[in-house]
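A.B. asks: Below you will find the structure I want to go over with you.
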Amino acid sequence: MDFAIELDRIVKRYRTHLALDGVSFQMGRGVTGLLGPNGAGKSTLIKILLGLMRATSGSGRILGRDIAKQWRAIRSLVGYMPEDDCYIPGMSGVEMVRYSASLCGMPALEGLRRAHEILDFCGMGQERYRHVETYSTGMRQKLKFAQAIVHDPELLILDEPTSGLDPEERVAMLNRVRTLVVKQGKRALVSTHILPDVRQVCDDVVILARGRVTLCSSMEEVDRPDQAGLFIKTLEPIRAFADALARKYPVELQGETELFVAADHEGLEQELWLLSSETQVLIESIYPRTNSLEAVFINAVKETRDANS
Amino acid sequence: MPIHDVGYRPWQGVKSPRIHGWWIMLLTNIMILRRNGWVRRAMAAAWLPTIYLGAGFYTLETALHATDRQSARTFVGMFQAVVPADVIQFIAKDVLTPDDIGHLRHRIWGHLIASFLSYPQALAGMLLIGLIAPALISRDLRTRAYLIYFSKPVGVREYLAGKYLTLIVYVGAITLLPALALFLFGVGLSPDFGVLWDTWDLPIRTVLASLVFLIPTATIALMFSSLTHESRYAAVGWFVFWLLSFAAWQTVYSARYLSLQYEVYYEGQLPERLEYLLDEVDSRRQFDEAAQLMIGQYIAKEAGDSVWSLLSMYESIRRVQLWLLSTGQPMPVSHLLMVSCVTLFSFVVLLRRVTAPLRL
């Protein structure tokens, strides 16, 4: 498998402070969420990936290029959307995107055409002709995203892409990321604090805490609970249904119309429908138990803290 | 909902294999600055002294070839402060041989261009730099625009080159360009192209003298710009730096000048080779313009011949420029060193400040 990112024991030390402590992970296809509390080393890691700073030790490759030596090639192939606002006062939105295209080596006229095309994709209308200093936060986010993808990069590194966006724009932004990944085969590393965004858009997740990778797994793995089970909700009082089910499986009542049954899904659904028919209790919904990403995140961070102390 | 939306399409074109980030930055900065009315007005005003110098070149060429001395007197009246007195005396001679003309032309053109670069254009250049440079890096720091460059295939060297070139193009357009235009104007006014033989080295010297101004000033200005996120503080720092250093040197210079003037005029202390000037003034008991000029230039030179002149960066640059554009001047080693050291120091600070956000 060709990995978009391969990192091997990356260490970054700022005099006395250890920012990254042997970070190793591999990122394949799809979208990978990079999670971590403040000061975990996410920004440092992104800077190292882009060749903005050198790692104290360790090695890594992005799209097959050495991060220590081939920063120019890497930056041509990577689209980076920073978390902070970054703009040049006095330039319009379309000029900014064209500027980014030119800096990546696109011919001037083609850069302008491509800038318009990408701004259309990002949902930016006539405001593209306004000076960027007059833009709202949401417009600036879209502009940064447009600048990151204008040169058609293979890998996107997005730092808090939905920060400051209203709910509608947030969904649109995540859809754009998903479109690029699913339809265009791009890979994306999304650094964010917003866990629902990760759940919505990511295929894999990397959790960084205190400069270490504490979890590197697919979302499927993360979602898989330690104990299998189903949450069942009924339209009528659930007591009779629960009693019947409790004869075969451990059941935990969670109110008048809800229960949790601790059992593997395989074959259980059929039994539930039969029981529903027997007890005359209508089932409203059945949900498999999943891990909460919040819990996984908090546990991963806590484990590192405990290990350090 | 859009009526038509092509969505995202991969880009199939061919990228430039070697991207010249500095060139793209230069073009973009020129585009932004072209919209600034103050910059446009300042640049137009900065070309005005060229007209005066052009008239000077015209008068000089007329004086060198005319039989009457009226043009020579006009030229002396226009440029007595900047052209050496012995040259002025020489030009006033009734008959000039072709050898005299060739020699004089080279010296006078060199002095005129040096004065042009050192006085009006240096002042205009500093004002223009004060208008353009403070925002060049401080703005990028404030708006984090450096991330736009450093997330693209642009290195720190190219980033700095783009900033330097922006200043060099703008300030060069009001210093080097008019100086070369004056040279060409002078050549055009000459009766034959033999003038090119006499003055072939002047364009090269002019380019070097302009660079002596452009590189240190651009480096210092960019250093000030990199020290702050607010361009107005950088602008204040820039002007205060030049004003304070110039004022410090002018104070010392004025004290030395007045003291020497007293010694010469009241105590008659002049070097042996110049004593005849005083006799000439005394014997005629009238104001002798040429003698007065020579004495004045002697006092100015003696007063300026002090290590305190190193206090002023402007003075150091001026002396190096004068050395480059004059023949027979001794190399101002200490001033050259001073200019080099300040430029180097500023560059190191600039480099550290530009890379600082990346190191965190």
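The values are calculated or read from the model by the stated rules, or taken from the named source; none is laboratory data. Note that this is a predicted model, so its numbers are computed, not measured. For neighbour counting, all protein chains shown are included, and Cβ atoms are generated from backbone atoms with ideal geometry for every residue, glycine included.
A.B. asks: Please determine whether any residue of the stretch A:137-153 is under 26 Å from B:Gln12 (Cα atoms) and assigned to a strand (DSSP E or B).
C.D. replies: no
This table checks each residue for (1) among the polar types (S, T, N, Q); (2) in contact (Cβ under 8 Å) with a residue 40 or more places away in the chain; (3) in a helix (DSSP H, G or I).
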{"site": "B:Leu211", "(1), (2), (3)": "no, no, yes"}
{"site": "B:Arg232", "(1), (2), (3)": "no, yes, yes"}
{"site": "B:Trp242", "(1), (2), (3)": "no, yes, yes"}
{"site": "B:Ser245", "(1), (2), (3)": "yes, yes, yes"}
{"site": "B:Val252", "(1), (2), (3)": "no, yes, yes"}
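A.B. asks: Would you mind telling me which numbered condition in (1) in a helix (DSSP H, G or I); (2) crowded, with 20+ Cβ neighbours inside 10 Å B:Phe90 fails?
C.D. replies: It fails just one condition, (2).
A.B. asks: Restricting attention to strands (runs of 3 or more DSSP E) lying wholly within the stretch A:1-72, give those where 3 or more residues are under 20 Å from A:Asp197 (Cβ atoms) and of a type outside the set (Val, Ile, Thr).
C.D. replies: Per the criteria, A:31-35.
A.B. asks: Sticking with this one: Return only the number of the condition from (1) facing chain B (nearest Cβ under 9 Å); (2) in contact with a His (Cβ under 7 Å, 6 or more places away or on another chain) that A:Gly123 does not satisfy.
C.D. replies: A:Gly123 satisfies all of (1) facing chain B (nearest Cβ under 9 Å); (2) in contact with a His (Cβ under 7 Å, 6 or more places away or on another chain) except (2).
A.B. asks: Considering each residue of the stretch A:32-42, count those that are out of contact with any His (no Cβ under 9 Å at 6 or more places or on another chain) and surrounded by fewer than 18 Cβ atoms within 10 Å (Cβ to Cβ), and give that number.
C.D. replies: Counting residues in the stretch A:32-42 that are out of contact with any His (no Cβ under 9 Å at 6 or more places or on another chain) and surrounded by fewer than 18 Cβ atoms within 10 Å (Cβ to Cβ) gives 1.
A.B. asks: Here is a check on your reading of the model: is A:Met53 surrounded by fewer than 22 Cβ atoms within 10 Å (Cβ to Cβ), under 28 Å from A:Ala300 (Cβ atoms) and within 12 Å of chain B (Cβ to nearest Cβ)?
C.D. replies: For A:Met53, the condition - surrounded by fewer than 22 Cβ atoms within 10 Å (Cβ to Cβ), under 28 Å from A:Ala300 (Cβ atoms) and within 12 Å of chain B (Cβ to nearest Cβ) - is met.
A.B. asks: Can you tell me which residues in the stretch A:105-145 are in contact with a strand residue (DSSP E or B) (Cβ under 9 Å, 6 or more places away or on another chain) and under 20 Å from B:Tyr149 (Cβ atoms)?
C.D. replies: Once the filter is applied, which keeps residues that are in contact with a strand residue (DSSP E or B) (Cβ under 9 Å, 6 or more places away or on another chain) and under 20 Å from B:Tyr149 (Cβ atoms), the stretch A:105-145 yields A:His131, A:Val132, A:Gln141, A:Lys144, A:Phe145.
A.B. asks: Another question, then. Can you tell me which of (1) within 17 Å of A:Ala188 (Cα to Cα); (2) within 14 Å of chain B (Cβ to nearest Cβ); (3) of a type outside the set (Phe, Trp, Tyr) is the one A:Pro89 doesn't meet?
C.D. replies: The failed condition is (1).
A.B. asks: Another one. Given A:Ile48, A:Ile62, which one is surrounded by 21 or more Cβ atoms within 10 Å (Cβ to Cβ), more than 10 Å from chain B (Cβ to nearest Cβ), touching a helix residue (DSSP H, G or I) at 6+ places or on another chain (Cβ under 6 Å) and at pLDDT 90 or above?
C.D. replies: The unique qualifying residue is A:Ile62.
A.B. asks: Let me ask something additional. Name every residue in the stretch A:118-151 that is within 30 Å of A:Ile62 (Cα to Cα) and without any contact (Cβ under 8 Å) to a residue 12 or more places away in the chain, in order of residue number.
C.D. replies: A:Asp120
A.B. asks: For the stretch A:101-118, what are the residues that are over 21 Å from A:Val181 (Cβ atoms), facing another protein chain (nearest Cβ under 7 Å) and buried (at least 22 other Cβ atoms within 10 Å of the Cβ)?
C.D. replies: A:Ser102, A:Leu103, A:Met106
So that you can scan it fast, the table gives a plain yes or no per residue for (1) over 8 Å from the mean Cα position of the chain (by Cα); (2) of a type in the set (S, T, N, Q); (3) at pLDDT 90 or above; (4) in the same structural domain as A:Gly138 (by TED's automatic domain parsing):
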position: A:Ala172; (1), (2), (3), (4): yes, no, yes, yes
position: A:Asn175; (1), (2), (3), (4): yes, yes, yes, yes
position: A:Lys183; (1), (2), (3), (4): yes, no, yes, yes
position: A:Arg199; (1), (2), (3), (4): no, no, no, yes
position: A:Ala209; (1), (2), (3), (4): yes, no, no, yes
position: A:Leu215; (1), (2), (3), (4): yes, no, no, yes
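A.B. asks: Which one of the conditions (1) surrounded by fewer than 22 Cβ atoms within 10 Å (Cβ to Cβ); (2) more than 13 Å from every other protein chain (Cβ to nearest Cβ); (3) part of a helix (DSSP H, G or I) does A:Arg128 fail to meet, given that it meets all the rest?
C.D. replies: (1)
A.B. asks: Given (1) surrounded by fewer than 19 Cβ atoms within 10 Å (Cβ to Cβ); (2) more than 13 Å from chain B (Cβ to nearest Cβ); (3) of a type outside the set (D, E, K, R); (4) over 21 Å from B:Ser151 (Cβ atoms), where does A:Met219 come up short, assuming only one miss?
C.D. replies: Of everything listed in (1) surrounded by fewer than 19 Cβ atoms within 10 Å (Cβ to Cβ); (2) more than 13 Å from chain B (Cβ to nearest Cβ); (3) of a type outside the set (D, E, K, R); (4) over 21 Å from B:Ser151 (Cβ atoms), A:Met219 misses just condition (1).
A.B. asks: Could you go through the stretch A:15-24 and let me know if any residue there is at pLDDT below 90 and hydroxyl-bearing (Ser, Thr, Tyr).
C.D. replies: Yes, some residue in the stretch A:15-24 is at pLDDT below 90 and hydroxyl-bearing (Ser, Thr, Tyr).
A.B. asks: Please note which helices (runs of 4 or more DSSP H) are completely contained in the stretch B:12-74 and include at least 1 residues that are within 14 Å of another protein chain (Cβ to nearest Cβ) and over 30 Å from B:Ala85 (Cα atoms).
C.D. replies: B:21-34, B:37-46
A.B. asks: A further question on this structure: So if I check each of A:Phe25, A:Phe121, which one is aromatic (Phe, Trp, Tyr), surrounded by fewer than 22 Cβ atoms within 10 Å (Cβ to Cβ) and within 26 Å of A:Val301 (Cα to Cα)?
C.D. replies: A:Phe25
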